[in-house]
Structures are given as C-alpha cells and as structure tokens.
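Here is the structure we will look at, set down as structure tokens.
The values are calculated or read from the model by the stated rules, or taken from the named source; none is laboratory data. Treat the numbers as computed from the prediction; the structure is a model and nothing was measured. Here the Cβ positions follow ideal geometry from the backbone for every residue, glycine too, while neighbour counts run over all protein chains shown. Remember, those area values only see protein heavy atoms, side chains included, never the ligands or the DNA or RNA. Shrake-Rupley method; radii C 1.70, N 1.55, O 1.52, S 1.80 Å.
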Amino acid sequence: MAITHNLGFPRIGAQRELKFALESYWQGGSSRDELVAAAAQLRKRHWALQKDLDLAPVGDFSFYDQVLDMSFTLGNLPERVRGYEGHELDNYFRVARGRSAGHDHGHGCCHAVTAGEMTKWFDTNYHYIVPEFEASTQFSLDASRLLEQWEEARAQGVAAKPVIIGPLTYLALGKAKDDSDKLALLPSLLSVYSALLERLAQAGAGWVQIDEPILVTELDAEWQEAFHQAYEALAATPVKLLLTTYFGRLGGNLALATALPVAGLHIDALNAAEEITGILDRLDQDRVLSLGVVNGRNIWKSDLNALLDQLEPIAAKLGDRLWIAPSCSLLHVPTDLALETGLDDELRSWLAFAAQRLDEIRILGKALNQGRQAVQAELEQNRKARQSRLDSGRVHNPEVQQALAQAGPELGERQSPFKQRATVQAEKLNLPLFPTTTIGSFPQTEDIRRSRRQYKAGELDESAYRRAMEAEIERCIREQETLGLDVLVHGEAERNDMVEYFGEQLDGFAFSRHGWVQSYGSRCVKPPILYGDVRRSHPMTVEWIRHAQSLTSKPVKGMLTGPVTILNWSFVRDDQPRSASCLQIALAIRSEVQDLERAGVAIIQIDEAALREGLPLRRSEWKDYLKWAIDAYRIAANGVRDDTQIHTHMCYSEFNDIIASIADMDADVITIETSRSDMELLQAFDKFAYPNDIGPGVYDIHSPNIPGKDDIVDLMRKAGERIPVRRLWVNPDCGLKTRKWEEVTPALRNMVDAAHELRELYYRS
C-alpha cells in the first residue's frame, strides 16, 4: 500500500485570515489571545483538508516564517532581543519586523530593534529571516511551539508527522556575524536537535520530516562530510527520519543522500525524474522512498494518467515503502481553487491549487492501492482537462510568435556607452550630488483600496475612479515636493501589485480573486496566471505618468516592472521554455518604454526585483539563465535615446556573486537593498568596479521603524568608501506601499536631511 502524505500547507488562509489577524494584533486592534485563537482555527481547518492523507504535517504553520521558528526552537536569538520583557511571541515579532504589537506599549514590547535580515528562500518568492551566528553562539532547546501543535493535532485525530528544518540547511541559510566557521557550531547544534527528536518521540511521534533542501545545491567535501556527521548522530534518536529534499536534483549529492542513516528519503520527482532509477538501485531494502509527484510550486493540473504509468512499476517493487506527496510544501501555491468562481470554466479546468493538489495525491494513492478502476471517472476528467489545454486556441498567437522570431540581439544595445550617456543625462536633469528619490510606490491607503474595490465592483464609474486616482497622485507629488526629493514618482495609487497591474493589461494572462500566496509575514501576493502568448495591445502607464509630470517641474520617473520579475512572480505556462515567455514579456515592456519616452518622460525605472531568485540552485547552471534573463531586460530597456535615464531596482537579492551580470544589464542607475544588512551587499564592490550609478537603500521599508538621519549618513558614508560619491543616489530599500504615511513622511524627511548633510560634507572635502 503506497502511503500518501504532504510536506506543508499554506498557512495564510484561503481568505488571508492570518494576514488580517497579524496586522490587527500589531496595530493594537486585537489581543494576543485572539491572534493565537485565529491561528488555531486555521490549523484545524487545514488539517481537515488533509484528513484523507495517511500523514499530515505538524509544525509547518508559522506566525511569520518557518526559519525564524526554528531559530526560536533552537534558542538562537540575536543578542539585541535577549532579555526583553513580555511574551515570547512579541520577542519573535521584534526579530521578524523590528517591533511587536502597538497595544503592548509600556510592557517593553514596542521598543524598536533592528529586524533580522530577510532574503529569498532558495529560488522562490518566499522570504525567510536569516539566522545569525557568532563563534560564541550557544543553542538551547525550546520545543514548546512544536509540541503544542503536535498535541493539538493529536487531539483532533490527525495522523501526523512533525516537520523541522534540518541542521545543515539551518546552518547554511544563516550568516556568521563575525569571521567564524558556521560548521564549527555543528556539534553543539546537533545536541539540541537530538534533544528535540527525543522530546518528539516521547510525545508519540513515530516519523519526523527533516527538511534538507541544500542537498539540491552544490556542496563541497566539508559540507558533505558534515552531513555524515550530523545524521550518524541523529540516527541514535528513537524516531524515524524522513530526509526531505526539494526544488531540484540531488546531482553530485545523490550518493550522499542515499547513504545517510535515515528511515526515508523524499525527492522532488518532477525536477529529479532522471534520478529515480539510480536512487532505487541504491535504496536499502527497509528504507522508504517518498516521491514528490505533483507540483508544489505551480498550478497547472498534473497528468495523472502519465504519473500512474511512472508510479505503478515503482509501487510494485516497493509496496508500502513508496510514499507519494507534492514535490515541496504547498506554501508556494494558493489555498483552494473552489473559491475562484470568476474564472471561466475552460481555464479553471486546467488549474490545481493546494486543496486540489491534495486531491491529486489522494487519487494517485487510491489508484495505486486499489487499481485505476477505483478512480476511473477522476482519471478521465483529468485527461479531458489536459487535452482541453493542448487544443485551446487561446494559448498561441501567431503575431507574437512572428515578433519573437524577429527579435535579434541588436534590440538590447544602447546607442552609446554609459560614460557618454551619463554626461548627456547630467546636462538634461541637472541633479545635485547624492540625488534623492524613492523606489516607486507610496502608501496604499484605505481610500485608495476602497476606490479600487468600488471600481471593480461597478460602483464607481471610470471617470470617478480616474479622478480619485489623480487626486492621490497629486497628493504624492505635493508631499514629495514638500519633503524636497529630487526625482519624484507618481506613487502608483492605481496599481494593486507591481506584477498583477501589468499582467491585467497584457494578453496571455489571467487572474484569480483569492489566489494569495505568502511572500513574508503578513505580506501576500496574488501571482498572475501566464497561460498563453503575451502581447501588449495599448499603453499601460503613459497617461498616469504624464499627469504626474504635469503637476511638477521636477522629473517624475516612469515606473515599470521588468520582464524577468513578471515571469518569476507569475504562475508560468509549462508548455514552452521560460526564456521564450520572458522574451515575449520583454517585447511588450519595450513598447511601453518607448511610449513613455515619446511622452516626454526623462527617467524610466524598470524593476527587476526577482532577477536573482530565478537562478538555478546549482552554480554550474547559472550561465544559461543569466544569459537569457539579462538579454530580456536589455531588450525591454534599451530602445531609448542616450538622454533617457534608465533605472532598475532589486530588493532582497544577494547578488554579490552575480555582480558582473548586474553590470551587464547596463542600467544607468540601479537601486538595491542594503539597510538590513548594514551595507554588507556593497562588499561586492571591493573586488568589482561597478561602472554605473547606484542607490544603496538606506530605509528598511519592511519594518515600521523610522531610520534616523545620522544612521542614513553613516550608511551612505560606508557606501562612499567603495563607490565614487558622484555616482551614489539616496533612496529607500523598496517601495512604500505597505507602510503608513505617518511612518513614511518622517523617514523620508530624515533621508532628505541626510542627503543635504552629505552634500555639505563632501563639497567641503
């Protein structure tokens, strides 16, 4: 009998219940008990959806991030939050976002601290809080969170397995704050892991899922040996370990993974399909093989009949040693397609969200255990849906295919090199030293959201909606003029999301209403569904930017999202190479860039926030991705005159190791995240002479904390040690849509004051 299980489930809720509960608590609108109760209700609901599985996960739920949860379980707290009074949950939020709940003021919970650094979870759009290590780091077990959820699941009759992040992945994802060797911490870390597994065994856990996704990356001999050391030690604990890998192939780690003394191994059978035979050959006779056979990161319906063709011989060989599951946690897909009543029937029939992925696993398990005849109707329905997509006329557009065939490398070349362009742009723009700007968006107030809801519901006509948005744009322009910013933005009041906004205006995209996916904490995104060829039929931003520019004599940036980010932050069609879809988007954005230039827009920003997250997990495979990704950006950006200044923005992307490729983008100005890492990202410029202008972000917009002027000056002086000051801009880390005006205004005032002080300092010197 094949065993069915799941690696993890979306925690945010089908209607974003956790998001609203968190934000209410942080703002003082609800109590801690109410937040905890809302979380328990979500867990109960999600376990109920998984009731037909043989094993459901426990511990995959988090109030903010599973890596941060593991840090608290291991007692690895940054020194700056140790010793605070109040409830542990508030200390947890201090690390996550710099402070906790507003209504706890007076109890030590509102004291601002530097939030933990945040970066992308492997090659996904999920962000985790980076563990911090020092040579003196000591670990201590706090298993309360996991044990409480375990008992909660047992009380509800859930057949479950606890889920934890493995010790090597935890170390690999963290950062040493000094020059110490992280692996030197492994022995002390393993003693805490062993104690945790002992506690779980005492609580009645038979299996524990231990996630080690770094096994799909390239590991040197020292890290491979560390795996042997770690799992030899953990083998002595009285639980069965399911060693879980996902997001890619094992590659050179295949022999390592199959040799470790664990009771079971999970692999991503979609990305590592060619490795299954080799793993079967190496698998001990008493060891479980878990195959991730349905996609945990995309939403296209699985081909169940083809999967059964693959699985049936394996099931005949392994029997109950075959487990089947999604390829990875379902955290990366929306919760339930049943809510999407607005999608047309044809497109809807092609899709599967998290709840439907569980149905697919159930159907596969039943077919393997009882024969295909037991699920004949479901298999036939699946076959018809798959064929419908193959036969649909809405997927392919001959006009787009012709444009794609004609797109040559010359489209990616600027007329002149940067030094020549910079001179022309400086004469045209006449900006001061340390020019100040923002990344694009300003706070999305309740008034803005209400107008958008009313417009979409037909309660507000187009002219009234436009007037409302133009009033918000004018407010942003006047606020920026008052603050004294040098290059303004229109604030993006008309935009719901930086990717969704463009997808809504491009052919080839569709949209859900409730397809929310967690990005970090309470921040959710609703990725577009890229189902067909992409075409731009009309200007998307020109009228809004033209209106904003008419309100001021200062330059206003045109704001666009780049092709690689639109691709990486969408659910992308799987019937053609991603590079082809990216080039289609690039051609559409190129047309928009040229229309903005014709409208008199002197500065155009094309954000590529997601460039790095598309990198393959193995460095040996980077070259091909970077080639087509950078080419797509250049095609989108470079069809302009020398005096048009092109900006790009990258947030929470550690790009020190791809800095040469970033330079190849040839953007006139790049803005990056640096404040949470205390300008650590700028270390790349110690060895690489970045040729163009750069704005190292000095205001961490993912935290409610307001940066001080002196802190900003200090950060910019650090930047000035590596980059010529004439090429430095002053700006926040990212867009300001998630912040409030009462936070944004003083923060930007401090930023502008800092720029004035820097000008005086460097003019004098």
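Structural remarks
- DSSP-loop GluC sites (Glu not before Pro) across segment 2-86, with at most 12 other Cβ within 10 angstrom: GLU85
- Note on THR482 and GLN594: their simple-model spin labels are 4.1 nm apart, each label 7 Å out from Cα toward Cβ.
- Every Cα-Cα pair in segment 1-135 was counted, and those over 22 Å apart are 44% of them.
- Label point 7 Å beyond Cα of ALA155 along Cβ direction - residues of segment 1-36 with amide nitrogen under 16 Å: 33-36
- Surface analysis of the chain yields an accessible area of 37 Å² per residue, using protein heavy atoms and a 1.4 Å probe.
- Gyration tensor verdict on segment 337-439 (Cα atoms; rounded if a/c is under 1.5, prolate if a/b is larger than b/c, oblate otherwise): prolate
- All Cα-Cα separations within the chain were binned at 20 Å from zero, giving a P(r) of 16, 50, 31, 3, 0, each value a whole percent of the pairs.
- Across segment 3-13, computed HN-Hα scalar couplings (Karplus, 6.51 cos²θ - 1.76 cosθ + 1.60, θ = phi - 60°) run 9, 9, 7, 9, 8, x, 10, x, 9, 6, x Hz from first to last residue, x flagging Gly and Pro.
- 10 Å-binned pair-distance histogram of segment 173-245 (Cα, whole percent): 17, 48, 29, 6, 0
- Computed over the alpha carbons of segment 382-455, Rg followed by Dmax gives 23.7, 63 Å.
- Over the chain: helical MRE at 222 nm, DSSP H runs n ≥ 4 each giving -39500 (n - 2.57), nearest 500: -13000 deg cm²/dmol
- Placing unit charges on each Cβ (+1 for Lys and Arg, -1 for Asp and Glu) gives segment 399-510 a dipole about its Cα centre, and among THR438, PHE502, GLN454 the Cα reaching farthest toward its positive end belongs to THR438.
- In nm, spacing of pseudo-spin labels at GLU88 and ARG348 (7 Å Cα→C-beta vector): 4.4 nm
- Computed on the Cα atoms alone, the convex hull of segment 609-765 gives a volume of 125 cubic angstrom per residue.
- Percentage relative contact order, segment 679-735, counting C-alpha pairs under 8 Å, at least six apart: 52 percent
- Over segment 664-749, the hull volume per residue, using the convex hull of the C-alpha atoms, is 96 Å³.
- Using a probe radius of 1.4 angstrom, the carbon and sulfur fraction of the accessible surface of segment 351-422 is 49%.
- DSSP finds beta bridges in the chain, and of those with both partners inside it, around 20 percent are antiparallel.
- Applying the criteria of a DSSP loop state and at most 14 other Cβ atoms within 10 Å to the trypsin sites (Lys or Arg not before Pro) of segment 666-765 yields LYS740.
- LYS709/LYS175 FRET efficiency (R0 25 Å; Cβ-Cβ; nearest 0.05): 0.35
- Here the extension length gained between GLU23 and THR552 equals 186.9 nm, from 0.36 nm per residue of separation less the Cα-Cα distance.
- Ordering TYR763, TYR625 by accessible surface, largest first, gives TYR763, TYR625; the 1.4 Å probe counts only protein heavy atoms, with every chain in place.
- Between ARG618 and GLU222, the C-beta separation translates, for a Förster distance of 22 Å, into a calculated FRET efficiency of about 0.80.
- Cα gyration tensor category, rounded, prolate or oblate, for segment 393-543 with a/c compared to 1.5: oblate
- Normalised by residue number, the volume inside the convex hull of the Cα atoms of segment 581-667 is 86 Å³ per residue.
- Two-site label geometry, ARG287 and ASP657: point separation in nm, points 7 Å out along Cα→Cβ: 2.7 nm
- Additional length obtainable on full extension of the chain from GLN138 to ALA405, 0.36 nm per residue less Cα span: 90.3 nm
- Entries in LYS526/LYS740; LYS557/LYS709; LYS175/LYS623; LYS120/LYS175; LYS557/LYS627 that, when Cα-Cα distance is taken, lie over 19 Å: LYS526/LYS740; LYS557/LYS709; LYS175/LYS623; LYS557/LYS627
- Across the accessible surface of segment 39-99, with the other protein chains kept in place and a 1.4 Å probe, carbon and sulfur atoms take up 46 percent.
- Stokes-Einstein D (µm²/s) once Rh is taken as the Kirkwood radius of segment 115-234 over alpha-carbon pairs, at 25 °C in 0.890 mPa s: 155 µm²/s
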